[in-house]
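The values are calculated or read from the model by the stated rules, or taken from the named source; none is laboratory data. Since the model is a prediction, treat every value here as computed from it, not as a measurement. Please note: Cβ atoms are built from the backbone with ideal geometry, for glycine as well, and neighbour counts cover all protein chains shown. Side chains included, ligands, DNA and RNA excluded: accessible areas come from the protein's heavy atoms. Shrake-Rupley method; radii C 1.70, N 1.55, O 1.52, S 1.80 Å.
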Amino acid sequence: MIRFTDVSVRYANGVLGLDGINLEIPDGQFVVVVGLSGAGKSTLVRSINALVPTTSGELMVSGQRVDGASKRSLRELRSRVGMIFQSFNLVTRTTVLKNVLVGRLHATPTLLSIFGIYRPADVELAFEALERVGIVEKAYTRASQLSGGQQQRVAIARVLAQQPNVILADEPVASLDPPTANMVMRDLQRINRDLGITTVVNLHFLDLARGYAERIIGMREGRIVFDGPPDEADDEV
Ligand code: ADP
Ligand code: ADP
């Protein structure tokens, strides 16, 4: 479970990114966070793996405290919380397989994996992850040669290779065209259903959110202004 209790985030410039958030996300839920630009969606998602540090309140992920956690426990937390970004964040000059193996490095870094040498079991997990997103035939292709949608699938496979309990996706389809965006959302939904991984995605468009979310969280000015099922979310959200 992910639990926010009165969590606020104040950035160095004084802007309140989150303003007293109270929120519980049970294990296995598929949550989409929507809201206008600047509403705090990204801050909410990024606080869950401490990419953005909280200023006050209590934030728990899988029974572990995120706020004020030591470096060591943060590393452990991040090994179980996979993150997907708008910009894919791949190493584009190298192969798809090597990019996915980075997920293994995040999960259980070993001296050898730090130098890019992986165990056969790691390679197997990477191939399984590529299969799940349907691009196993691209394993030895350089990432730079893939389309945006394919690159985002590699990023999803990298996260899967981490064997996470939670997947966070920060505007994962913002740079994709609508059909590709839908494909990526379908991948995330299928993974959530098949593997039961808690998934928190933030999206710009409510229409897209409605099609996939089990629960929609609407944000405005760092606060939650809607929390409910997709069929109750109107355009005011
Ligand atoms: P959204 O993802 O909904 O667009 P954000 O979480 O990115 O919203 O931003 C929420 C508020 O925090 C905005 O006012 C934004 O300008 C501000 N903000 C976001 N990141 C930073 C940062 N690194 N430093 C200062 N202010 C920030
Ligand atoms: P660093 O600790 O120097 O940021 P990492 O290898 O931990 O280096 O991560 C490199 C980048 O990859 C980070 O800046 C982060 O944005 C992204 N990243 C990939 N996976 C994760 C994850 N599970 N949690 C947080 N960030 C991640």
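All conditions in (1) near ligand 1 (Cβ under 10 Å from one of its atoms); (2) open to solvent by 20 Å² or more (accessible area, probe 1.4 Å) hold for Leu44, with the sole exception of (2). Consider the range 95-114. How many of its residues are without any contact (Cβ under 8 Å) to a residue 40 or more places away in the chain, open to solvent by 60 Å² or more (accessible area, probe 1.4 Å) and in a helix (DSSP H, G or I)? Final tally of qualifying residues: 4. Exactly one residue among Gln151, Gln162 is surrounded by 15 or more Cβ atoms within 10 Å (Cβ to Cβ) and under 16 Å from Thr95 (Cβ atoms), and that residue is Gln151. Only one of the numbered conditions (1) hydroxyl-bearing (Ser, Thr, Tyr); (2) outside any loop (DSSP other than H, G, I, E, B); (3) more than 13 Å from the chain's Cα centre (by Cα) is not met by Tyr118, and that is (2).
Condition first: modelled with pLDDT under 90 and among the small types (Gly, Ala, Ser). Now tell me which residues in the range 74-118 satisfy that. Result: Ala107, Ser113, Gly116. Counting only helices (runs of 4 or more DSSP H) that sit wholly inside the range 148-231, those with at least 1 residues that are away from ligand 2 (no atom under 16 Å from the Cβ), farther than 23 Å from Ser47 by Cβ and modelled with pLDDT of 95 or more are 148-161, 178-195. Among the residues making up the range 48-60, a single one is away from ligand 2 (no atom under 12 Å from the Cβ) and open to solvent by less than 10 Å² (accessible area, probe 1.4 Å): Leu59.
For (1) open to solvent by 30 Å² or more (accessible area, probe 1.4 Å); (2) within 21 Å of Leu16 (Cα to Cα); (3) among the acidic types (Asp, Glu), each residue gets a yes or a no:
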residue: Leu195; (1), (2), (3): yes, no, no
residue: Thr199; (1), (2), (3): no, no, no
residue: Asn202; (1), (2), (3): no, yes, no
residue: Phe205; (1), (2), (3): yes, no, no
residue: Gly211; (1), (2), (3): yes, no, no
residue: Gly218; (1), (2), (3): no, yes, no
residue: Glu221; (1), (2), (3): yes, yes, yes
residue: Val225; (1), (2), (3): yes, yes, no
residue: Pro229; (1), (2), (3): yes, no, no
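Total residues in the range 121-146 satisfying the condition of being under 20 Å from the mean Cα position of the chain (by Cα) and open to solvent by 40 Å² or more (accessible area, probe 1.4 Å): the figure is 4.
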